[in-house]
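Encoded as structure tokens, here's the structure I'll be asking about.
The values are calculated or read from the model by the stated rules, or taken from the named source; none is laboratory data. These numbers were taken from a predicted model, which means no experiment stands behind them. Note that each Cβ is placed from the backbone with ideal geometry, even for glycine, and that neighbours are counted across all protein chains shown. In case anyone asks, the SASA skips ligands and DNA or RNA and just uses the protein heavy atoms, side chains included. Shrake-Rupley method; radii C 1.70, N 1.55, O 1.52, S 1.80 Å.
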Amino acid sequence: MSTSKSTDPGGLTVLAAARAEDPDPRTTLTVAGAQLGGPWLDLGARMKRLVEAAELAASQGAHVLAFPETYLSGYPFWLTRTHGARFDDAGQKACYAAYLDSAVEIGGPEQRELEQLSSDLALTLFVGVTERGGRAASGSTFCTTLTFDPGDGLVGHHRKLVPTYDERLVWAHGDGAGLRTHAAGPARVGALNCWENWMPQARHALYLDGEQVHLSSWPGASGIVADITRFTAQEGRVFAMAVSGILRPGDVADDFPLAAEVRAGSDDLPFDGGSGIAAPDGTWLVPPVRGAEGLIVADLDLRHVARERLTFDPTGHYSRPDVFAVTIDRRRRRAGVFTDSPEEFSHD
């Protein structure tokens, strides 16, 4: 492997890379992670930055590009800095309304733009979004990863199973419908959000589905990213890429309801990144990168997965289905199901 750096016309840089000198396309998957920031809760500005990152990734020959947790259009970081649990507080209500208004809806224009981008650049995209629910859940947000295939459009819709700590003030619980891997080039790729990566059953579900490359998305706290990335790589005998965000107090717009309080409670770099890529033996291909926006890139030789599974395959020869019974419910959960008559407006 060799390391390299490059820059696109838009100003984004390849911060770190591990490139193979003569990769075999039959067994090599090139992945990129976008460690990005930008105007917080500004969906248009972040979509523009996302497109720039995708164009740079495509120029590097990437097959897969992943983004931080809820990159579109931002992590709810005001909660820890403004006493988010104050009940019936007018300021908190205004903050949530602004957050809900910036969220992405399934079937909306952002989905169509991301599908077209994936197709145009021949890139499989894993995009972290704050999702606004539809109809019954239109007043709720979910921490969601959307997966876009160049030929098939939206193929993955995973909602975070358990929001972490104060995230539960604004994010609804997800379900198992998105616990699936997706074909990308010669590999099967899966993704989890932030502390889901600490959930043994969630990781196990992706291993069961044939995962070879594991993507984890994070808002940007580098101190909690590195250990679980290397551990997942070793446990699953998979390549593990962590993709983490960047945030500066100046990214918060003046018209956010509690902007002054948020800035006063934040240091110079509340989210400092920490994106990196570990090999199936737990060693770093790209050690964690902190404090800068740009891409990490690596050529992953999938034969390394096979070599490491000689001694350990967590859902194969090192499993014990006679002792441990595992069931994963992948049905989408909703608040209710309508049972209608055949004639919608029947008065009989």
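Hey, among Ala259, Ala233, Ala264, Ala240, which residue is open to solvent by 10 Å² or more (accessible area, probe 1.4 Å) and aliphatic (A, V, I, L, M)? Before the answer, list the steps.
On the way: Ala259 fails: open to solvent by 10 Å² or more (accessible area, probe 1.4 Å); Ala233 fails: open to solvent by 10 Å² or more (accessible area, probe 1.4 Å); Ala240 fails: open to solvent by 10 Å² or more (accessible area, probe 1.4 Å).
Answer to the selection: Ala264.
Moving to a separate point now. Given the criterion in contact (Cβ under 8 Å) with a residue 24 or more places away in the chain and of a type in the set (Phe, Trp, Tyr), identify the matching residue among Phe324, Phe338, Phe312.
Details: Phe324 fails: in contact (Cβ under 8 Å) with a residue 24 or more places away in the chain; Phe338 fails: in contact (Cβ under 8 Å) with a residue 24 or more places away in the chain.
Exactly one residue qualifies, and that residue is Phe312.
Let me ask another. Quick test of your reading of the structure: Leu285 fulfils all but one of (1) more than 30 Å from Trp78 (Cα to Cα); (2) of a type outside the set (Val, Ile, Thr); (3) surrounded by fewer than 19 Cβ atoms within 10 Å (Cβ to Cβ). Name the failing condition by number.
Looking at each condition in turn, Leu285 falls short on (3).
Here's the yes/no breakdown for (1) among the hydrophobic types (A, V, I, L, M, F, W, C); (2) open to solvent by less than 10 Å² (accessible area, probe 1.4 Å); (3) within 24 Å of Pro109 (Cα to Cα):
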{"position": "Gly156", "(1), (2), (3)": "no, yes, yes"}
{"position": "Arg168", "(1), (2), (3)": "no, no, no"}
{"position": "His173", "(1), (2), (3)": "no, no, no"}
{"position": "Gly190", "(1), (2), (3)": "no, yes, no"}
{"position": "Pro200", "(1), (2), (3)": "no, no, no"}
{"position": "Leu208", "(1), (2), (3)": "yes, no, no"}
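Ok, one more. Helices (runs of 4 or more DSSP H) wholly in segment 210-310 with at least 1 residues that are under 16 Å from the mean Cα position of the chain (by Cα) - which ones?
Details: elements: 226-236, 259-264, 303-308.
Those helices (runs of 4 or more DSSP H) span 226-236.
Shifting gears a bit: Taking only pairs six or more apart or across chains, which ones have beta-carbon atoms under 6 Å, a first residue in segment 52-77 that is under 22 Å from Gly190 (Cβ atoms) and free of Cβ contacts under 8 Å to residues at least 60 places away in the same chain, and a second residue that is part of a loop (DSSP other than H, G, I, E, B) and among the hydrophobic types (A, V, I, L, M, F, W, C)?
As it stands, the answer is none, since no pair meets every condition given.
Now for a separate question. Could you check segment 199-231 and list, in sequence order, the residues that are touching a Leu at 6+ places or on another chain (Cβ under 9 Å), of a type outside the set (A, V, I, L, M) and free of Cβ contacts under 8 Å to residues at least 40 places away in the same chain?
Arg203, Asp209, His214, Ser216
When residues of segment 210-230 are filtered for being closer than 25 Å to Ala184 by Cβ, open to solvent by 40 Å² or more (accessible area, probe 1.4 Å) and of a type in the set (D, E, K, R), how many remain?
The number of residues fulfilling the criteria is 1.
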